[in-house]
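For reference, the structure is listed below as structure tokens.
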Amino acid sequence: MKPMNHPHQTGINHMEKPWNTDYNYGASCPSTSYDEENTCNMLKMLLERQERMNDKISMLLERQERQFDSLSATIDAIDKDLCSKTSRVTTHAESNNNKITQGTEGQIEECIPLYNNNSYGAHTTYMECDYEEDEIQQEAEESMHELNHSLNAQ
């Protein structure tokens, strides 16, 4: 070891162990060994490194929490939008169903023949009723197709 001058020395260089500062009292005292001082310094460095790692982990956790909150908000918005669209589809389907039901009831009354079922007139009347039912069904299918297309486009 190289000689060290310490404030309490009288100017004479002595071959002594390194001096440590006692951080609690601000006084200097001789180290018990050079290896212990190195070990202490290494432990301090490890502690500082661990604190930096803890800070990085905390920052990562905070970022993940913000991302989770953002995703949750996005999922909630999508859910509300989907519920709204589902409600509109249900309303539209019920409306079409009611139109079909009302149209069918009216057609049944119109299709009751007042003469012999085997006659040509009765046969053409039933054909006309079938044709009108097909038109209503086709309109309902087209409207559902358009609705599905518009929902998929959004």
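Quick rundown of the values:
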| item | result |
| --- | --- |
| Segment 141-152 - phi-based ³J(HN,Hα) in whole Hz, Karplus 6.51/-1.76/1.60, Gly and Pro as x | 5, 5, 5, 5, 4, 4, 5, 4, 5, 5, 5, 5 |
| Residue 54/residue 94 FRET efficiency (R0 35 Å; Cβ-Cβ; nearest 0.05) | 0.05 |
| Pairwise FRET efficiency - residue 41 versus residue 73, Cβ, R0 = 35 Å, nearest 0.05 | 0.15 |
| Length added when fully stretched, residue 63-residue 87, from 0.36 nm per residue minus Cα-Cα | 5.0 nm |
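Throughout, read-outs are computed from the coordinates displayed, never taken from laboratory work. This structure is a prediction, so every number in the text was calculated from the model and none was measured. Please note: Cβ atoms are built from the backbone with ideal geometry, for glycine as well, and neighbour counts cover all protein chains shown.
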